[in-house]
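These notes are about the structure you will find just below.
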Amino acid sequence: MTTDATPWDFAATCATALRAAQRVLDMGTGGGETLLALRDRALAEGGPLPASITATEGWPANVPVARAALAPHGIDVVAFGQPDDDPAPAPMPFGDGTFDLVLDRHESYHPVEVARVLAPGGTFLTQQVGGDELGELRDLLGHEPAAPHVRYAPFRQALLDAGLEVTDGAEHVGRYTFVDVAALVAYLQRVPWQVPEDFTVDRYADRLLELHRRTGGGPVALTMTRFWLRARRRT
């Protein structure tokens, strides 16, 4: 699988912000590999590094992986996730104004909680996967999007409603390209939220074989959507 590049460089933006921050939160760190790459990039670009970095991770299987990767660098990992469509989310386990930088790459968040843990003058950076992407796949398999509410305009407005100042952001529509249907199927095994709950290759074989015939056994292109936002808590 390949993906189109976005017109912005989110990693570069985050690395630059890291060099200017002292207390950082990385939301949804996964296995910690992206955060370490950002840390290395900030170091390579002249540092300095923040005095304190904390990470959260909501998928239980990832928590020990992230702790093993990040602990040698003095980075604590807190087991925590926060659905962005929950009207009464559990608060993040951090005090008011704890961080001057909050990073979020493809992780759900609640704007009011982000605003609460940001210090005055602090910055929030997020990149999100649009909830309306992969429409061709949903047409093929006959299911609804898992997170249709994840879209640029309402997410931007929600940050404003939480009292933050949105200083930058954009959205982009590109594409995923899979070398063939087999590659697409391999990908779908890793993203079960993108397929119907009853999805198996055997159960959906007729539709997958039809896609194989339609593409002549060649590449499969699907819509990709991304957006990013930079927000600041007013002093």
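The values are calculated or read from the model by the stated rules, or taken from the named source; none is laboratory data. Keep in mind it's a predicted model, so treat the numbers as computed, not measured. Here the Cβ is made from the backbone with ideal geometry for all residues, glycine too, and neighbour counts use every protein chain on show. Surface areas here come from the heavy atoms of the whole protein model, side chains and all, with no ligands, DNA or RNA. Shrake-Rupley method; radii C 1.70, N 1.55, O 1.52, S 1.80 Å.
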Exercise. Test each condition in (1) modelled with pLDDT of 95 or more; (2) within 15 Å of the chain's Cα centre (by Cα); (3) farther than 21 Å from A51 by Cα; (4) of a type in the set (A, V, I, L, M, F, W, C) for V102 and report the one that comes out false.
Key: (3)
Exercise. Please determine, by comparing only the residues of segment 15-24 that are out of contact with any Ser or Thr (no Cβ under 8 Å at 6 or more places or on another chain), aliphatic (A, V, I, L, M) and not in a loop (DSSP other than H, G, I, E, B), which one is surrounded by the fewest Cβ atoms within 10 Å (Cβ to Cβ).
Key: A15
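In this structure, is A12 under 20 Å from the mean Cα position of the chain (by Cα), part of a loop (DSSP other than H, G, I, E, B) and surrounded by fewer than 17 Cβ atoms within 10 Å (Cβ to Cβ)?
Values: under 20 Å from the mean Cα position of the chain (by Cα): yes; part of a loop (DSSP other than H, G, I, E, B): no; surrounded by fewer than 17 Cβ atoms within 10 Å (Cβ to Cβ): yes.
Here the answer is no, as A12 does not meet what is asked.
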Self-check item: Top-ranked residue of segment 133-150 - restricted to ones that are crowded, with 17+ Cβ neighbours inside 10 Å and not hydrophobic (A, V, I, L, M, F, W, C), ranked as nearest to G217 (Cα to Cα)
Solution: R138
Quiz item: Among the strands (runs of 3 or more DSSP E) contained in segment 25-128, which hold 3 or more residues that are buried (at least 16 other Cβ atoms within 10 Å of the Cβ)?
Solution: 52-57, 99-105
Exercise. Could you give me the residue pairs with C-beta distances under 6 Å whose first residue belongs to segment 220-235 and is at negative phi, whose second residue is among the acidic types (D, E) and buried (at least 20 other Cβ atoms within 10 Å of the Cβ) wherever it lies, and which are 6+ apart or on separate chains?
Key: T223/E133; M224/E133; T225/E133
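For V195, state whether it is touching a residue at least 24 places away in the same chain (Cβ under 8 Å), open to solvent by 30 Å² or more (accessible area, probe 1.4 Å) and closer than 21 Å to M1 by Cα.
For V195, the condition - touching a residue at least 24 places away in the same chain (Cβ under 8 Å), open to solvent by 30 Å² or more (accessible area, probe 1.4 Å) and closer than 21 Å to M1 by Cα - is not met.
Yes/no matrix, rows are residues, columns are (1) among the charged types (D, E, K, R); (2) surrounded by 11 or more Cβ atoms within 10 Å (Cβ to Cβ):
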residue: G216; (1), (2): no, no
residue: L222; (1), (2): no, yes
residue: T225; (1), (2): no, yes
residue: R230; (1), (2): yes, yes
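Filtering segment 172-183 down to residues that are of a type in the set (A, V, I, L, M) and touching a residue at least 40 places away in the same chain (Cβ under 8 Å), which residue is nearest to W8 (Cα to Cα)?
By that ranking, first place goes to V173.
Which one of these is within 20 Å of the chain's Cα centre (by Cα), open to solvent by 30 Å² or more (accessible area, probe 1.4 Å) and of a type in the set (F, W, Y): Y176, Y187? Break it down stepwise before answering.
On the way: Y176 fails: open to solvent by 30 Å² or more (accessible area, probe 1.4 Å).
Within the list Y176, Y187, the selection yields Y187.
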